[in-house]
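Okay, structure first, notes after.
The values are calculated or read from the model by the stated rules, or taken from the named source; none is laboratory data. Computed from a prediction, not measured in an experiment: that's the story for all the values here. Note that each Cβ is placed from the backbone with ideal geometry, even for glycine, and that neighbours are counted across all protein chains shown.
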Amino acid sequence: MTDIRHFLDLDKMSASELKDILALGDSEKAGKAPFGVKPLAGKTLALIFEKPSTRTRVSFEVGMRQLGGDVVTLDADSSQLGRGETIADTARVLSRFVDAIMIRTTDESKLHELAQYATVPVINGLTDQSHPCQIMADLMTVKEHKGKLEGLKFAWVGDGNNVSASFIHASPKFGFALDMACPAGYRPNQGLIETANAEGGKVRLTDMDSALAGADVVVTDCWVSMGDEDYDARMEALSPYQINEATMAQAKDDAIFLHCLPAHRNEEVTDAVIDGPQSVVFDEAENRLHAQKGVLLYCLNGLPS
Ligand code: CP
Ligand code: NVA
């Protein structure tokens, strides 16, 4: 079925859809209830976690309930997924019970298989390749603090991981420049950057000094993501990329600091920065709730006309 409104990856969505979803999230946060009170009453969201989560789990559970709906949460280990039931069969079965499915999984291919076989909307709650819900919250946060997104310069410093990939996807949609400083072996996929730039993005791989100079937003993430195994090699390659008071000072004086959390304090970011005046990481965490309410309304109700 082609008319299902999935939320799979930012590069699969139009700029106007993404901006409308953010606007829905803003309205929910402001208490304007654009679809009325409890617009998702009678609807159920299934949450599938093949990896740990705090923010994604709680923000989807609370968000769905605030919108009047219900949730059911499955962990791989305690469901038949952990015993080898296929994603396709899981999709077919859950579609008989629930109105939407969010999945946090390893490979993007599992997300797409779920969307292929589900007859209800599927939401990407993180894969090894992307984390679009996080970036919607991040962009909401930047807009709140900077008043706009277009024309800003973001510096991504550290591992070119799943979260960074969704920032790359977002650059052409929202018109911000993204300078990325990542060491050899930990750079994002070049093809992603080329595709984003061909669509009007302003993404550049560069060194740390150039990335930070003039940056309005400084973003990093952990050096060892869930599922990564090369801990020692990562620590060695990534330790020059720490955001500390000295490196943060290379950005604009009024730059803000973002991190999707959980933070590995005093690895990718020091306490002084993450707890300092430029850090907006807890606004960012809160905005997972509001931005995802926009995503849920989009998937389950559509956009207001
Ligand atoms: N940022 C984020 O996705 O956090 P969790 O892993 O706690 O869900
Ligand atoms: N890059 C991190 C993000 C966690 C929210 C990971 O995948 O583990």
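Ile135 - would you say it is in contact (Cβ under 8 Å) with a residue 12 or more places away in the chain, β-branched (Val, Ile, Thr) and away from ligand 1 (no atom under 14 Å from the Cβ)?
no
Identify the single condition in (1) part of a loop (DSSP other than H, G, I, E, B); (2) closer than 30 Å to Lys43 by Cβ; (3) touching a Phe, Trp or Tyr at 6+ places or on another chain (Cβ under 9 Å); (4) among the hydrophobic types (A, V, I, L, M, F, W, C) that Leu149 does not satisfy, given that it satisfies every other one.
(2)
When you go through Ala165, Ala170, Ala137 one by one, which is the residue that is of a type in the set (A, V, I, L, M, F, W, C), closer than 23 Å to Pro52 by Cα and in contact with a Pro (Cβ under 9 Å, 6 or more places away or on another chain)?
It is Ala165.
Counting only residues that are more than 12 Å from ligand 1 (Cβ to nearest atom) and in a loop (DSSP other than H, G, I, E, B), which one in the range 120-132 is nearest to Glu50 (Cα to Cα)?
Out of the qualifying residues, it is Asp128.
Do any helices (runs of 4 or more DSSP H) entirely within the range 1-98 hold 1 or more residues that are more than 20 Å from the chain's Cα centre (by Cα), and if so, which?
Helices (runs of 4 or more DSSP H) meeting the threshold: 55-66, 87-97.
Give me the pairs: first residue in the range 71-89 and touching a residue at least 24 places away in the same chain (Cβ under 8 Å), second residue loosely packed, with under 12 Cβ neighbours inside 10 Å, beta-carbon distance under 6 Å, and six or more apart or on different chains, which are they?
Close Cβ pairs satisfying both conditions: none exist.
Which of (1) over 18 Å from the mean Cα position of the chain (by Cα); (2) among the β-branched types (Val, Ile, Thr); (3) within 16 Å of ligand 2 (Cβ to nearest atom) does Thr220 not meet, given it meets every other one?
Only one criterion is unmet by Thr220, namely (1).
Would you point out the residue of the range 149-173, among those that are free of Cβ contacts under 8 Å to residues at least 60 places away in the same chain, more than 16 Å from ligand 2 (Cβ to nearest atom) and closer than 19 Å to Glu17 by Cα, that is surrounded by the fewest Cβ atoms within 10 Å (Cβ to Cβ)?
The residue in question is Glu150.
Looking for something within 15 Å of ligand 2 (Cβ to nearest atom), buried (at least 24 other Cβ atoms within 10 Å of the Cβ) and either hydroxyl-bearing (Ser, Thr, Tyr) or over 17 Å from the mean Cα position of the chain (by Cα) (or both) - is there at least one such residue anywhere in the range 110-118?
No; the residues of the range 110-118 include none that is within 15 Å of ligand 2 (Cβ to nearest atom), buried (at least 24 other Cβ atoms within 10 Å of the Cβ) and either hydroxyl-bearing (Ser, Thr, Tyr) or over 17 Å from the mean Cα position of the chain (by Cα) (or both).
If I ask for residues that are surrounded by fewer than 22 Cβ atoms within 10 Å (Cβ to Cβ) and more than 20 Å from Leu300 (Cα to Cα), which ones from the range 119-148 would you list?
Scanning the range 119-148 gives Asp128, Gln129, Lys143, Glu144, His145, Lys146, Gly147, Lys148.
Rundown of residues vs (1) within 16 Å of ligand 2 (Cβ to nearest atom); (2) crowded, with 19+ Cβ neighbours inside 10 Å; (3) modelled with pLDDT under 95, yes/no style:
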site: His6; (1), (2), (3): no, yes, no
site: Ser16; (1), (2), (3): no, no, no
site: Ala30; (1), (2), (3): no, no, no
site: Phe60; (1), (2), (3): yes, yes, no
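Looking at this structure, is Thr73 touching a Leu at 6+ places or on another chain (Cβ under 6 Å), modelled with pLDDT of 95 or more and among the β-branched types (Val, Ile, Thr)?
So Thr73 passes the test.
If you take the residues of the range 99-118 that are part of a loop (DSSP other than H, G, I, E, B) and of a type in the set (S, T, N, Q), which of them is farthest from Leu297 (Cα to Cα)?
Thr106
Give, as residue ranges, the helices (runs of 4 or more DSSP H) completely inside the range 230-300 that count at least 2 residues that are away from ligand 2 (no atom under 16 Å from the Cβ) and buried (at least 20 other Cβ atoms within 10 Å of the Cβ).
Hits in the range 230-300: 245-248.
For the range 160-227, list the strands (runs of 3 or more DSSP E) that sit wholly inside it and hold at least 1 residues that are closer than 17 Å to Glu268 by Cβ and in contact with a Gly (Cβ under 8 Å, 6 or more places away or on another chain); which are they?
Those strands (runs of 3 or more DSSP E) span 177-181, 217-220.
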